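For reference, the structure is listed below as structure tokens.
Read the figures in this text as sums done on the coordinates, not as results from a lab. These numbers were taken from a predicted model, which means no experiment stands behind them. Virtual Cβ from ideal backbone geometry, glycine too; neighbours counted across all protein chains shown.
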Amino acid sequence: MTPDLRQFRRVVLKVGSSLLVDRARGRLNHAWLAALAEDIADLHAQGADVLVVSSGAIAMGRTVLGLPPGTLRLEESQAAAAVGQIALARIWAEVLAHHSITAGQILVTLADTEERRRYLNARATTLKLLELRAVPVINENDTVATSEIRYGDNDRLAARVATMIGADLLVLFSDIDGLYTAPPASDPKAEHIPVVERITPAIEAMAGGAASELSRGGMRTKVEAGKIATAGGTHMVIADGRTKNPLRRVAEGGRCTWFLTPSNPATARKTWIAGALEPRGILHVDEGAARALLGGASLLPVGVRRIEGSFARGDAVTIRGESGVLGRGLVAYDAHEATRIIGRPSREIEAILGYSGRAEMIHRDDMALNLEVSRAGLKAAS
């Protein structure tokens, strides 16, 4: 059994430059992009959040600048990206506006999805756009890249973005309709694999060997993206993007490969917070705040009695109540700022710090509580 596309509420689509741009002519594939915009509009109309990770800035920019064919030097790639990003954003805005959908551009780097402080900023911006029913269009910020720029390889970036925003589906559009037991172009006996329940060494071998951060392109990076996505509670599908209305084709049961996850984004994220991060400090909360947390609330500054440790915004901290440890969370303030606002209502934050910060010390989505221990402690205390 394969999932039904209609069941997903937050979907990330990865579109490569080879689909967007006809490299032989250096022109945009207008008809194909317009058809994809129809698919996005259909999904959007069903109430789903949709986000696009789009390559193509360098491919479009080099055409505008008249750069010669072949490998570009780093500074040439950066210049092409600077020009191409403007054109790419305009095109996405135009095709989505045709369906009365607002597009928003976000440029990120690898550090934005890995460094916790920048991660929180990128996540908050993206989630706010989705809340406002816009479609964020994300691209790697190639204009400031200091390492080699890769043409159209946004697979792993798309997977990191999907887990960052809690997407339940990642769609990788490719020039092939999924994973095969061997490269179908060179092996006529290669068999298509419709469902991958778990990425094993055997699955990695089918993609050309174990993927790594240094591997580039092809099926290897897609399987690596699958490992990132499924570990974060996100299903992933590899589908042929060359057909018209490629997303509709997936919805109608067209051939593709599904990578399934046994988890969901919320559970996976809380597992990561609870066990994969080292706490940098402690927030001591009063009994009223502890009860509110158990009821599903966020932790507000007014409920924090004192803090310990030296931590920065985005660091993991321990939440401790009067009866013991309640759990962990990602704190929204540096330690020196948190010290100034604890015990105070959120409406006073701007007057105290000089800027309008977040109302929550720790948002409930950035928190993992040990519910059994917490409830037992509160019951004993009462």
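Which residue, 77, 130, 65, has the largest displacement toward the positive end of the dipole of segment 46-134 when charges sit on each Cβ (Lys, Arg +1; Asp, Glu -1)?
Going by the charge dipole, the pick is 130.
Can you give the FRET efficiency to the nearest 0.05 for residue 353 and residue 200, using r as the Cβ-Cβ distance and R₀ = 45 Å? Write down the numbers at each step before the final one.
Numbers: r = 50 Å, r/R0 = 1.11.
It comes out at approximately 0.35.
What does the charge dipole of the chain about its Cα centre add up to, to the nearest 20 debye, if the Cβ of each Lys and Arg holds +1 and the Cβ of each Asp and Glu holds -1?
Working: 46 positive and 43 negative charges, 76 e Å.
Charge dipole of the chain: 360 debye, to the nearest 20.
For a Förster distance of 22 Å, can you work out the FRET efficiency between the beta-carbons of residue 340 and residue 312, rounded to the nearest 0.05?
Values: r = 15 Å, r/R0 = 0.69.
It comes to 0.90.
Treat the count of other C-beta atoms within 10 Å as a stand-in for reagent exposure and order 196, 171 from fewest to most.
Details: 196 20, 171 29.
By the 10 Å Cβ count, ascending, the order reads 196, 171.
How far apart, in nm, are the 7 Å Cα→Cβ label points at residue 255 and residue 322?
6.6 nm
Dipole of segment 42-160, Cα-centred, from +1 at each Lys and Arg C-beta and -1 at each Asp and Glu C-beta, to the nearest 20 debye? Please list the in-between numbers first.
Working: 12 positive and 14 negative charges, 49 e Å.
Result for segment 42-160 is approximately 240 debye, rounded to the nearest 20.
Under 18 Å Cα-Cα from residue 222, which lysines qualify once same-chain neighbours fewer than 8 residues away are excluded?
Here the lysines satisfying the reach criterion relative to residue 222 are 14.
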